[in-house]
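Asker: I'd like to ask you about the structure that follows.
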Amino acid sequence: MYRLILKQFLRSRTAQVSLVLLLAIGIVSIFIGKQFLDKQERIIANVTQHQQDHIERNVALHDEMGLLLYYLHFSLIDQPDKLTALSIGQRDINPSIQSITIRTLEAQKYDTDLNNPSALQSGNLDLGFVIIYLFPLVIIALTFNLVSEEQEGGTWRMVVIQSKSVVKILARKLFVRAGLIYSVLLVLFVIAIGVLGLPLNEALTGFIVLTVLYLAFWFSFCFWIVSFQRSSSFNALTLLSVWIMLSILLPASVNNYVANRYPVPEALGAMVEQRDGYHEKWDIDKKVTMDKFYEHYPEFKKYGVPDAEFSWLWYYAMQQMGDDESAQQSKAMQEKIMQREQVSRSVAVIIPTMYTQLLLNDLARTSLSDHLALLNKTNEFHEQLRLHFYPKIFENASVKSEDWKTFRPEYLTKENNLNWTMIVFPLLLLIAIISILTFINVRKLGAI
Amino acid sequence: MKRSVLLLIAQQFWKNAFKTKSIFVMMLVVAVILSYAAYSGWKSYTVQNSIRQHYQEEVRKSWENNPDKHPHRMAHFGSLAFRLKHPLAMFDFGMESFTGNVVFLEAHKQNTVNFSEASFSTGLLRFGEISMAMLLQLILPLIIFFLGFASVATERENGTLKVMLTQGASWKEILLGKSLGLMGLAMLFFIPVVVVLLVLLTINESPDKADTLLRYTGTVFAYALFFQVLCFIAVIVSAVSKSSKDALMKLLALWLVFFILLPKTTQALGSYFYPSPSKIEFETAIEKELVTVGDSHNPNDPHYKTLRDSVLTVHKVDSVEQLPFNYSGFVMREGEKISAQIYNRHLNELLKTYQKQNSLTRITAFINPYSAIRHLSMSLSGTDFESYISFQNQAEGYRYTLAQEMNELQMKFISNAKPAPGDKPITISNEHWKEFPDFKHQFVDTGTSLQNESLSIAALICWSIVSLTLILYLSKKAKAV
């Protein structure tokens, strides 16, 4: 029986074209992801060498600690997981490497990567996109006429008369389609694992489970619509409209809402304040700056207020003021962004497309929160560097006294704590509700 | 061809459309999206621009309020350039959300344009944004296909097509009449957008209203042409399909391929085939080249040594202290010139790579009318790639002028003699700060925008002609059964 249904199904041109197309785009998307990941990995691999050369060159050039530290950049790296290739998320917009000097951090930490805005706008064609956007379209294309094709082709009566259970026949037809589409998904994951060398870990399992559930949602939803036994045209229109709603209109509306509800003027404010906070100090009494500096770092009080026209102690105290005076705005900005993230996430729980997208990004560590984690870590990293170098600069320690070889790029330690309930529960609940609704419809169907 | 018959068919088509409930549902959906899009476009435009203008003024105030100081300190104090939204950005967001909004301008250094909307965004921005342009580019085409798929195919299914033909209507009258009727329906959805946008643009206080209205008119014409093409395509597909179901499936497939799949794929392929350098690679390449042309901070650098010697010879003096201008200002002017040239050359190469990446999508305008209207609409709304590049260039131009102006002031007013320890630092009057003009973001002028989009305009006109030709061709070949 299954073989017949399969044969009949595979004979249709829609099925052939859409499955092959899906597989082809899926494979392309894996290679696009690979290209992105390769580029990131190549850059990161070069950073260590780059930093070493950079430090060596500058150490040879400058014999004053204060001047040397004016130039020296230190890198903090948020190494992308292999899964990034499958769900690039915000990684193309936000940089994965922070390369900073010990001067005002606020002036450095938001520097962007070089990007083609057209490419950003169009978005990445990664496997996540193929799964969230294109798989549902194929599911719709292959299931919308599950019943109506028989009705419109005149074979429905025969099916009803000849078989014991209409429901069983329909279920089998659905399973054949689901089986084929899941096979495509499986093949794509196998290719991805091979091509990208994905480690078989919990995150990957979560990724796969989530996508399987997401597709199950679409199957159950399509089957529910089909169970109303309307015409092919009606089903196609309804399902496509729902797809547009879930994949374009609703997420875009939420995005507009969040962007308008929470504008971030603090970002611009902080940028202006950090500049003025530092530069104004050149024109005011040194004591004012130094007092504020020692208020922040009482442990350095012993260095006093320098008399000389220029001293590195005063210079770095001024730089510090850039950060100190913009701290409030900077914090407000961070809170705004967190708010945006929270609102988006809470709305997403009831919209499967958004929900899956955000979770895939979480699993691949490519979400906005991951970037915020890097920014936070940058603060710590910067502070450590300052505390390490401040006394050496203030005492004008010899450049040679420092073991510069130890300054290698640092890596963000990642904690990927998977929340399985969040991965499984919301989608499963949705599928259960839809299944119950379908069951009610199908019972009526059996009664015919 | 009789005009009265054509109009009759168009009228009939129009009337039939209102017999079903679905058109009212679509109108409701479009009304809701339009209201939301108009509201959020307006809000984002006014709020963002007022924030940016506010800070641009703050920055100016703080620039002018600087006390007397050494001009080179002012060159490092620098300025910030904020990107303003064009009034039509409330219609078409284009790339706005993905481009940075503010850049710090200082001597010796080209900074990145930071704080794009996307950098504050959760993954949701990837699903797109609701704008009036998006409504017209994505949703209205689908509605046209919904309304048009049955136009001829149903008449064929019902056998009424034969009746019409035997009663004397020609194929030409039927096809053009149906297209006209469908265009009428499309206008029903299009005109509210046109009106809402006009109202918003009129109540908006913008300096160059005439130009904005010119762009608006261009936009309206472009979309009208786009919808004409789509209406013709819908009728053609309906006429060549066996059944109305068949026509619907074909049109939906067309929509998916041309409006969703193709644009994304071509952009991805463009980036795949023309990889662009990362920021580190880009900066390293510039740094390497800068090293070869000399380091203005190094007194023993051969390039600057030669320069010094030639300057001394020309002025017939034997030390830089005797020169009639400040020598370190002169050296910095030279350094700024060289580094800016090198940077700009690399930047132009980078932009060329980006343009190559984009070219694949742009050229598809000839096989995909959506691509044509998308680019033309963005350009007319001042939210396209070129508008962004223009801002970047203006900001860099201002940065360069600022740095060089401060160098000139240094050459002119700062003495070559080093101050003795304990002396007051050498300063110049803060009157000079006020004399230096403020940064003003200028939008790309309409002529240039249109010129940039000549390809899209040509493609759109091509589409219009081809679709009309197809209808006329079909009216000779079509069969009633």
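The values are calculated or read from the model by the stated rules, or taken from the named source; none is laboratory data. Just so we're clear, the structure is a prediction, and the values are computed from it rather than from any experiment. Counting neighbours? That spans all protein chains shown, and the Cβs are built from the backbone with ideal geometry, glycine included.
Table: residues versus (1) out of contact with any Lys or Arg (no Cβ under 9 Å at 6 or more places or on another chain); (2) surrounded by fewer than 23 Cβ atoms within 10 Å (Cβ to Cβ); (3) closer than 30 Å to B:LYS19 by Cα.
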site: B:LEU147; (1), (2), (3): yes, no, yes
site: B:VAL152; (1), (2), (3): no, no, yes
site: B:ARG156; (1), (2), (3): no, yes, yes
site: B:TRP171; (1), (2), (3): no, yes, yes
site: B:LEU180; (1), (2), (3): yes, yes, yes
site: B:ASP208; (1), (2), (3): yes, yes, no
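Asker: Still on this structure, please answer the following. Tell me which helices (runs of 4 or more DSSP H) are completely within segment B:334-453 and hold 3 or more residues being within 14 Å of chain A (Cβ to nearest Cβ) and closer than 26 Å to B:GLU289 by Cα, or say none if there are none.
Answerer: The helices (runs of 4 or more DSSP H) meeting that bar are B:385-413.
Asker: Let me ask something else about it. Determine whether A:PRO199 is within 11 Å of chain B (Cβ to nearest Cβ) and either outside any helix (DSSP H, G or I) or crowded, with 22+ Cβ neighbours inside 10 Å (or both).
Answerer: no
Asker: Within segment B:312-327, identify whether any single residue is farther than 22 Å from B:MET411 by Cβ, more than 8 Å from chain A (Cβ to nearest Cβ), part of a helix (DSSP H, G or I) and of a type in the set (D, E, K, R), and answer yes or no.
Answerer: The answer is no, given that none of the residues of segment B:312-327 is farther than 22 Å from B:MET411 by Cβ, more than 8 Å from chain A (Cβ to nearest Cβ), part of a helix (DSSP H, G or I) and of a type in the set (D, E, K, R).
Asker: Output the residues belonging to segment A:297-308 that are farther than 18 Å from B:PRO425 by Cα and exposed (fewer than 13 other Cβ atoms within 10 Å of the Cβ). Lay out the reasoning, then the answer.
Answerer: To start, the set of residues in segment A:297-308 that are farther than 18 Å from B:PRO425 by Cα comprises A:297-305.
If the condition is that a residue be farther than 18 Å from B:PRO425 by Cα and exposed (fewer than 13 other Cβ atoms within 10 Å of the Cβ), then A:PRO298, A:GLU299, A:LYS301, A:LYS302, A:GLY304 are the ones that fit.
Asker: Please verify whether segment B:352-361 includes one or more residues that are hydrophobic (A, V, I, L, M, F, W, C), closer than 22 Å to B:TYR388 by Cβ and either in contact with a Phe, Trp or Tyr (Cβ under 6 Å, 6 or more places away or on another chain) or loosely packed, with under 13 Cβ neighbours inside 10 Å (or both).
Answerer: No: segment B:352-361 contains no residue that is hydrophobic (A, V, I, L, M, F, W, C), closer than 22 Å to B:TYR388 by Cβ and either in contact with a Phe, Trp or Tyr (Cβ under 6 Å, 6 or more places away or on another chain) or loosely packed, with under 13 Cβ neighbours inside 10 Å (or both).
Conditions (1) under 28 Å from the mean Cα position of the chain (by Cα); (2) among the hydrophobic types (A, V, I, L, M, F, W, C), marked per residue:
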| position | (1), (2) |
| --- | --- |
| B:GLN167 | no, no |
| B:GLY177 | no, no |
| B:VAL196 | yes, yes |
| B:ASP208 | yes, no |
| B:THR212 | yes, no |
| B:GLY218 | yes, no |
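Asker: Just the residues that are at the interface with another protein chain (Cβ under 7 Å from one of its Cβ atoms) and not in a loop (DSSP other than H, G, I, E, B), please, taken from segment B:105-129.
Answerer: Selection gives B:ASN114, B:GLU117, B:ALA118, B:SER119, B:PHE120, B:GLY123, B:LEU124, B:LEU125, B:ARG126, B:PHE127.
Asker: Among B:MET95, B:MET132, B:MET90, which is the only one that is of a type in the set (A, V, I, L, M), touching a residue at least 60 places away in the same chain (Cβ under 8 Å) and at the interface with chain A (Cβ under 7 Å from one of its Cβ atoms)?
Answerer: Checking each option against the conditions leaves just B:MET95.
Asker: Looking only at residues in segment B:92-104 that are touching a strand residue (DSSP E or B) at 6+ places or on another chain (Cβ under 9 Å) and part of a loop (DSSP other than H, G, I, E, B), which one is farthest from A:THR112 (Cα to Cα)?
Answerer: First pass over segment B:92-104, keeping only residues touching a strand residue (DSSP E or B) at 6+ places or on another chain (Cβ under 9 Å): B:100-104.
Still in the running and part of a loop (DSSP other than H, G, I, E, B): B:100-101.
Numbers: B:GLY100: 9, B:ASN101: 11 Å.
Going through the qualifying residues, I end up with B:ASN101.
Asker: Restricting attention to segment A:221-233, which residues are closer than 23 Å to A:VAL160 by Cα and either without any contact (Cβ under 8 Å) to a residue 24 or more places away in the chain or surrounded by 19 or more Cβ atoms within 10 Å (Cβ to Cβ) (or both)? Walk me through it before giving the result.
Answerer: First, pick out the residues of segment A:221-233 that are closer than 23 Å to A:VAL160 by Cα: A:222-233.
Matches in segment A:221-233: A:CYS222, A:PHE223, A:TRP224, A:ILE225, A:VAL226, A:SER227, A:SER232, A:SER233.
Asker: Now, a different point. Does B:ALA17 meet the test of being of a type in the set (A, V, I, L, M), touching a helix residue (DSSP H, G or I) at 6+ places or on another chain (Cβ under 9 Å) and at pLDDT 95 or above?
Answerer: no
Asker: Test each condition in (1) within 30 Å of B:ILE139 (Cβ to Cβ); (2) buried (at least 19 other Cβ atoms within 10 Å of the Cβ); (3) more than 10 Å from chain A (Cβ to nearest Cβ) for B:LYS245 and report the one that comes out false.
Answerer: Against the list (1) within 30 Å of B:ILE139 (Cβ to Cβ); (2) buried (at least 19 other Cβ atoms within 10 Å of the Cβ); (3) more than 10 Å from chain A (Cβ to nearest Cβ), B:LYS245 comes up short only on (3).
Asker: Could you grab the pairs with beta carbons closer than 7 Å, sequence gap of 6+ or different chains, first residue in segment A:244-263 and facing another protein chain (nearest Cβ under 7 Å), second one surrounded by fewer than 22 Cβ atoms within 10 Å (Cβ to Cβ) and among the small types (Gly, Ala, Ser)?
Answerer: A:ILE248/B:GLY128; A:ALA252/B:GLY128
Asker: Do you know which residues across segment B:165-182 are touching a residue at least 12 places away in the same chain (Cβ under 8 Å), farther than 17 Å from B:LEU470 by Cα and not small (Gly, Ala, Ser)?
Answerer: Going residue by residue through segment B:165-182, those that are touching a residue at least 12 places away in the same chain (Cβ under 8 Å) are B:165, B:168-182.
Next, only the ones that are farther than 17 Å from B:LEU470 by Cα stay: B:165, B:168-169, B:181.
Within segment B:165-182, just B:LEU165 meets the criteria.
Asker: Okay, next question. I'd like the full set of residues that are of a type in the set (Ser, Thr, Tyr) and over 13 Å from B:TRP171 (Cα atoms), limited to segment B:447-481.
Answerer: Of everything in segment B:447-481, those that are of a type in the set (Ser, Thr, Tyr) and over 13 Å from B:TRP171 (Cα atoms) turn out to be B:THR448, B:SER449, B:SER454, B:SER456, B:SER464, B:SER467, B:THR469.
Asker: Among (1) under 30 Å from B:GLU283 (Cβ atoms); (2) at the interface with chain A (Cβ under 9 Å from one of its Cβ atoms), which single condition is B:ALA75 missing?
Answerer: B:ALA75 satisfies every listed condition except (2).
Asker: Here is a list of conditions, (1) at pLDDT 95 or above; (2) out of contact with any Leu (no Cβ under 9 Å at 6 or more places or on another chain); (3) more than 16 Å from B:PHE82 (Cα to Cα), and B:ALA403 meets all of them except one; can you say which number that is?
Answerer: Failing condition for B:ALA403: (2).
Asker: Let me ask you something else. Any idea which of A:ILE161, A:ILE140 is of a type outside the set (D, E, K, R), crowded, with 22+ Cβ neighbours inside 10 Å and in a helix (DSSP H, G or I)?
Answerer: So the residue among A:ILE161, A:ILE140 that is of a type outside the set (D, E, K, R), crowded, with 22+ Cβ neighbours inside 10 Å and in a helix (DSSP H, G or I) is A:ILE140.
Asker: I've got another one for you. Across segment B:35-83, what is the total count of residues that are modelled with pLDDT of 95 or more, surrounded by 18 or more Cβ atoms within 10 Å (Cβ to Cβ) and charged (D, E, K, R)?
Answerer: 2
Asker: hydroxyl-bearing (Ser, Thr, Tyr), surrounded by 17 or more Cβ atoms within 10 Å (Cβ to Cβ), in contact (Cβ under 8 Å) with a residue 40 or more places away in the chain and within 13 Å of chain A (Cβ to nearest Cβ): does that describe B:SER278?
Answerer: Details: hydroxyl-bearing (Ser, Thr, Tyr): yes; surrounded by 17 or more Cβ atoms within 10 Å (Cβ to Cβ): yes; in contact (Cβ under 8 Å) with a residue 40 or more places away in the chain: no; within 13 Å of chain A (Cβ to nearest Cβ): yes.
Against the criterion (hydroxyl-bearing (Ser, Thr, Tyr), surrounded by 17 or more Cβ atoms within 10 Å (Cβ to Cβ), in contact (Cβ under 8 Å) with a residue 40 or more places away in the chain and within 13 Å of chain A (Cβ to nearest Cβ)), B:SER278 does not qualify.
Asker: What residue, of B:LEU213, B:LEU142, is over 30 Å from B:LEU251 (Cα atoms) and either among the hydrophobic types (A, V, I, L, M, F, W, C) or modelled with pLDDT of 95 or more (or both)?
Answerer: None of the others qualify; the one that does is B:LEU213.
Asker: Which residues, counting only those in segment A:327-371, are closer than 22 Å to A:PHE425 by Cβ and aliphatic (A, V, I, L, M)?
Answerer: A:VAL343, A:VAL347, A:ALA348, A:VAL349, A:ILE350, A:ILE351, A:MET354, A:LEU358, A:LEU359, A:LEU360, A:LEU363, A:ALA364
Asker: Follow-up. Can you work out which of the residues in segment A:90-123 that are under 17 Å from the mean Cα position of the chain (by Cα) and more than 7 Å from every other protein chain (Cβ to nearest Cβ) is farthest from B:LEU269 (Cα to Cα)?
Answerer: A:ILE97
Asker: Would you mention how many residues in segment A:1-52 are away from every other protein chain (no Cβ under 11 Å) and in contact with a strand residue (DSSP E or B) (Cβ under 6 Å, 6 or more places away or on another chain)?
Answerer: So the count comes out to 0.
Asker: Return yes when B:VAL32 is of a type in the set (Val, Ile, Thr) and buried (at least 23 other Cβ atoms within 10 Å of the Cβ) and no when it is not.
Answerer: No: the conditions fail for B:VAL32.
Asker: Among (1) surrounded by 20 or more Cβ atoms within 10 Å (Cβ to Cβ); (2) within 12 Å of chain B (Cβ to nearest Cβ); (3) over 30 Å from B:GLY123 (Cβ atoms), where does A:ILE55 come up short?
Answerer: Every listed condition holds for A:ILE55 apart from (2).
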